[in-house]
Structures are given as structure tokens and as C-alpha cells.
Amino acid sequence: MKDLNIELYRKLYLIRRAEDSIRRNYFDDKMKTPMHMSTGGEAICTGVCHALAPQDQVMGTYRSHGIYLAKSGETDRFFAEMYGKATGMAKGKAGSMHLTSPESGLICTSAIVGTTIPVAVGAAYANKMQKNGKVVAVFFGDGAIDEGVFWESLNSACVMKLPVLFVCEDNDIAVHIPGKERHGYRSINEIVARFDCTVFI
């Protein structure tokens with residue numbers, strides 16, 4: 001247990017320190033990319049990525065730093081991308097919101113709300129067809145559940161019994177609108193639990 005706690009703490013610490021460095025240096029105007037921080041949510045991506053097998057895959061949103069660092073553990077290409085350097089994972093052209101590390105299992109992240117959810121379902125379907133044992137985890141905020149593609153993807157994943165984990169980071173707000181002003185239901189957990197899937201809270 002002690003070794004597990006230390007390993008989890010190291011990942012949490014890496015994410016927090018990396019984002020602290022971004023905050024300290026961002027206004028030098030050398031990082032030419034908008035930033036959406038993972039600060040405060042480090043434990044979510046750390047815990048999920050640690051529970052996954054090394055060969056498992058992840059996808060995420062524009063709040064991508066924590067996912068990238070938790071899955072890959074590397075910082076050189078990460079910071080090179082922030083600074084628009086050719087040594088970044090996308091040669092400095094993707095910036096903060098479109099990170100990838102295929103060798104670590106991070107397929108992609110996207111700035112457009114909800115767009116990686118159907119891609120994750122597609123990857124899970126491919127894994128099932130290939131019988132390679134891989135699981136896909138897709139991270140998104142509660143704003144993404146207002147998109148029709150979330151419900152279509154959830155339904156498809158349940159019907160086809162796909163190895164995909166939907167990770168909703170619910171802070172009860174989308175931009176600046178609370179859930180009670182967006183949702184015609186009381187609990188996302190109760191609604192999703194009516195599908196043929198397992199729900200963890």
C-alpha cells in the first residue's frame with residue numbers, strides 16, 4: 001500500500017508542478033497556446049490512468065495536461081509543445097488542447113466538447129474486434145452530457161458490450177450554467193444506471 005500511495009502521489013505532484021510552472025511563466029508570452037488547467041482534478045486522471053493497464057488507451061478534452069502527464073509520465077515533449085517547439089509531440093503545432101502520446105496509449109485530446117466520446121467508442125469496438133484485451137477510457141466534463149453524441153455513444157457501447165470507460169468529471173457547471181438549468185433530470189448517475197452498464201460514483 002505504501003508503494004502504491006507513493007506512486008500515486010508522484011503522478012499527482014508531477015501534474016501540479018507542471019501546471020504551476022505554466023502559471024509562473026505563461027505571461028512571459030512565449031507559450032503561444034491557450035491553457036485549460038487540470039489543477040484540482042489531478043486525482044481523477046491519476047487514479048483512472050493508474051488503474052488502467054499500460055496498453056490501455058485514453059482520450060480526453062481540452063483540459064488535457066493531467067491526462068497526458070498521468071498516462072505518459074514525460075515532460076520534455078509536453079513543454080516543447082507548450083512553447084511551440086519542433087520537439088513537441090505535434091511539432092509545436094497542436095498546443096495545449098490537442099495532446100497525443102500513442103506510445104503511452106493517449107490517442108488524442110480535443111478542444112471541441114464531446115468529440116472524443118464517439119472516437120473512444122470506435123476505438124473500443126476496434127479493440128473488441130481485434131480481441132486484444134485493451135480498454136479505452138474517455139474523459140469529459142458534465143457539459144458534454146448535454147450533447148446528443150454522449151447518449152448515442154453510451155447506447156452504442158452498451159448494446160455492443162464494448163470495453164470502454166466513460167469518465168465524467170462533474171463540477172455541475174458548463175461554462176457558467178449550473179446543471180439544474182441544463183438538465184431535465186435530477187441525477188446523471190440514475191439515468192445512466194438505467195442503461196446496461198455499471199455505474200461508479
- Item | Overall dimensions of segment 1-66 by Cα: Rg and Dmax, Å | 13.6, 43
- Say each of Thr87 and Ala111 gets a label point 7 Å from the Cα, pointing the same way as Cα to Cβ; how far apart are those two points in nm? 2.5
- Query: Mind checking which of Cys108, Cys45, Cys168 has the largest fluctuation in a GNM of the chain, springs on alpha carbons under 10 Å?
  - Reply: Cys168
- Message: Treating only the Cβ of Lys, Arg, Asp and Glu as charged (+1, +1, -1, -1), what charge dipole size does the chain show about its Cα centre? Round to the nearest 20 debye.
- Response: 440
- Using alpha-carbon pairs under 8 Å, 6+ residues apart, how would you state the relative contact order of the chain in percent? 17
- Message: Need one number: nm distance between label points at Arg186 and Val159, each 7 Å from Cα along Cα→Cβ, rounded to one decimal.
- Response: 3.0
- Label-point gap, in nm, between Asp76 and Ala126 - each point 7 angstrom along Cα→Cβ: 2.7
- Item | Longest to shortest principal axis, alpha-carbon extents of segment 103-201, angstrom | 42, 29, 22
- For segment 1-73, what is the accessible area per residue in Å² when the probe is 1.4 Å? 55
- For the Gln55, Ala193 Cβ pair and Förster radius 30 Å, calculated FRET efficiency rounded to 0.05 is 0.55
- Keeping all protein chains in place, calculate the accessible area per residue for segment 161-201 (probe 1.4 angstrom), answer in Å². 79
- Item | With every protein chain in place, segment 33-176: carbon and sulfur % of accessible area (1.4 Å) | 58
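The values are calculated or read from the model by the stated rules, or taken from the named source; none is laboratory data. Just so we're clear, the structure is a prediction, and the values are computed from it rather than from any experiment. All Cβ positions, glycine included, derive from the backbone under ideal geometry; neighbour counts span all protein chains shown. Just so you know, the surface numbers come from the protein's heavy atoms only, side chains and all, with ligands and any DNA or RNA stripped out. Shrake-Rupley method; radii C 1.70, N 1.55, O 1.52, S 1.80 Å.
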